[in-house]
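**Student:** Below: one structure in structure tokens.
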Amino acid sequence: MADKVTIVLHSGDMDKVYSALIIGSGALAMGMEASIFFTFWGLQRLKKDGLEKGPLSKMHFLGLGKWMVRQRMKKANVITLERLMRDFKELGGKVIACDMTMEIMGIRREDLREDWIDAYGAVGTYIQEARGSAITLFI
Amino acid sequence: MAEILVDCRGETCPVPLVEARKAIRRAQPGDVIVVIGTHPASREEIPMAVRALGLELLSVEGTETDWTIRIRR
């Protein structure tokens, strides 16, 4: 099995996007390959100015919970999703956008951060990545 | 051969690990990368990454919350 991590990011929740990008860049840092397949609510985070826009998966409280968590994260010196994505890309991480979600939600390529996206694909692309991966996660 | 300093003091997961890896990628073979930090888990995890990458871990010094790791590319 190849030294590779393939993650399906189905959720667009801020905390889960953190998990996906932290695991992805951690894998790259430890010498593995990594791909994240952004689908459904996760794909929303690839929209221009969309990466930081996700709600908190629990205790969002109309944004108050997210605001509080953000303050705590700032205090703990947690980096932004924007910077995590930059590092993920710099270390060779692959970003795949789900084209079926784009069709369902009426999202065009020009609505997305095309500079981050390596490929547009469907389930076959995910399976092809996952079958050669030692680790695959659904977030 | 250069010595490259990566100062990750005050940074938390996954920054020290990721910054160490970025520096290793940019370094030339033979260069020494010196990572300094305060994040406890990274003191254990950076050496794991160094071994996984097949590089030479020169030293790990200091305490859990104030450490220096030296790596040869």
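The values are calculated or read from the model by the stated rules, or taken from the named source; none is laboratory data. All of these numbers come straight from a predicted model, not from anything done at the bench. Using ideal geometry, Cβ is built from the backbone for each residue, glycine included, and neighbour counts are taken over all protein chains shown.
**Student:** Go through (1) modelled with pLDDT of 95 or more; (2) farther than 21 Å from A:Val5 by Cβ for A:Cys98 and report which single condition fails.
**Tutor:** Against the list (1) modelled with pLDDT of 95 or more; (2) farther than 21 Å from A:Val5 by Cβ, A:Cys98 comes up short only on (2).
**Student:** Look at segment B:25-35 and say how many of its residues are buried (at least 22 other Cβ atoms within 10 Å of the Cβ) and within 12 Å of chain A (Cβ to nearest Cβ). Outline the logic, then answer.
**Tutor:** Going through segment B:25-35, the residues buried (at least 22 other Cβ atoms within 10 Å of the Cβ) turn out to be B:33, B:35.
From the residues that got through so far, the ones that are within 12 Å of chain A (Cβ to nearest Cβ) too are B:35.
Of the residues in that region, 1 qualify.
**Student:** Which one of B:Glu3, B:Glu19 is among the charged types (D, E, K, R) and in contact with a Cys (Cβ under 8 Å, 6 or more places away or on another chain)? Break it down into steps so the answer makes sense when it comes.
**Tutor:** On the way: B:Glu3 fails: in contact with a Cys (Cβ under 8 Å, 6 or more places away or on another chain).
Sole residue among the options that is among the charged types (D, E, K, R) and in contact with a Cys (Cβ under 8 Å, 6 or more places away or on another chain): B:Glu19.
**Student:** Oh, and also: Can you report the number of residues in segment A:18-52 which are away from chain B (no Cβ under 14 Å), touching a strand residue (DSSP E or B) at 6+ places or on another chain (Cβ under 9 Å) and of a type outside the set (S, T, N, Q)? Give the derivation first.
**Tutor:** First pass over segment A:18-52, keeping only residues away from chain B (no Cβ under 14 Å): A:35-52.
Subset that is touching a strand residue (DSSP E or B) at 6+ places or on another chain (Cβ under 9 Å): A:35-48, A:50.
If we keep only those that are of a type outside the set (S, T, N, Q) as well, we get A:36-38, A:40-43, A:45-48, A:50.
Residues in segment A:18-52 being away from chain B (no Cβ under 14 Å), touching a strand residue (DSSP E or B) at 6+ places or on another chain (Cβ under 9 Å) and of a type outside the set (S, T, N, Q): 12 in total.
**Student:** Could I ask something else about it? Hey, can you tell me all the residues within segment B:1-24 that are within 11 Å of chain A (Cβ to nearest Cβ), among the acidic types (Asp, Glu) and either touching an Asp or Glu at 6+ places or on another chain (Cβ under 6 Å) or not in a helix (DSSP H, G or I) (or both)?
**Tutor:** The one that is within 11 Å of chain A (Cβ to nearest Cβ), among the acidic types (Asp, Glu) and either touching an Asp or Glu at 6+ places or on another chain (Cβ under 6 Å) or not in a helix (DSSP H, G or I) (or both): B:Glu11.
**Student:** Which ones in segment B:33-57 are under 10 Å from the mean Cα position of the chain (by Cα), farther than 23 Å from A:Gly93 by Cβ and assigned to a strand (DSSP E or B)?
**Tutor:** Passing the criteria: B:Val34, B:Ile36, B:Leu57.
**Student:** Looking at A:Thr125, is it of a type in the set (Val, Ile, Thr), touching a helix residue (DSSP H, G or I) at 6+ places or on another chain (Cβ under 6 Å) and in contact (Cβ under 8 Å) with a residue 40 or more places away in the chain?
**Tutor:** Values: of a type in the set (Val, Ile, Thr): yes; touching a helix residue (DSSP H, G or I) at 6+ places or on another chain (Cβ under 6 Å): no; in contact (Cβ under 8 Å) with a residue 40 or more places away in the chain: yes.
Criteria not met by A:Thr125.
**Student:** Mind listing whichever residues of segment A:90-109 are buried (at least 18 other Cβ atoms within 10 Å of the Cβ) and within 21 Å of A:Gln128 (Cβ to Cβ)? Steps first, please.
**Tutor:** As a first pass, look at segment A:90-109 and keep what is buried (at least 18 other Cβ atoms within 10 Å of the Cβ): A:91, A:93-98, A:101-102, A:107.
Across segment A:90-109, the qualifying residues are A:Gly93, A:Lys94, A:Val95, A:Ile96, A:Ala97, A:Cys98, A:Thr101, A:Met102.
**Student:** Looking at this structure, is A:Met85 at pLDDT 95 or above, within 14 Å of the chain's Cα centre (by Cα) and at negative phi? Can you show your working first?
**Tutor:** On the way: at pLDDT 95 or above: yes; within 14 Å of the chain's Cα centre (by Cα): yes; at negative phi: yes.
Judged against the criteria, A:Met85 is a match.
**Student:** Give the residues of segment A:1-40 that are in a helix (DSSP H, G or I) and farther than 17 Å from A:Trp116 by Cα, sorted by residue number.
**Tutor:** Narrowing segment A:1-40 to residues in a helix (DSSP H, G or I): A:14-29.
The answer is A:Met14, A:Asp15, A:Lys16, A:Ser19, A:Ile23, A:Gly26, A:Ala27, A:Ala29.
**Student:** Across segment A:53-83, which residue is surrounded by the fewest Cβ atoms within 10 Å (Cβ to Cβ) among those that are more than 14 Å from chain B (Cβ to nearest Cβ) and of a type in the set (A, V, I, L, M)?
**Tutor:** Across segment A:53-83, the extreme among qualifying residues is A:Leu62.
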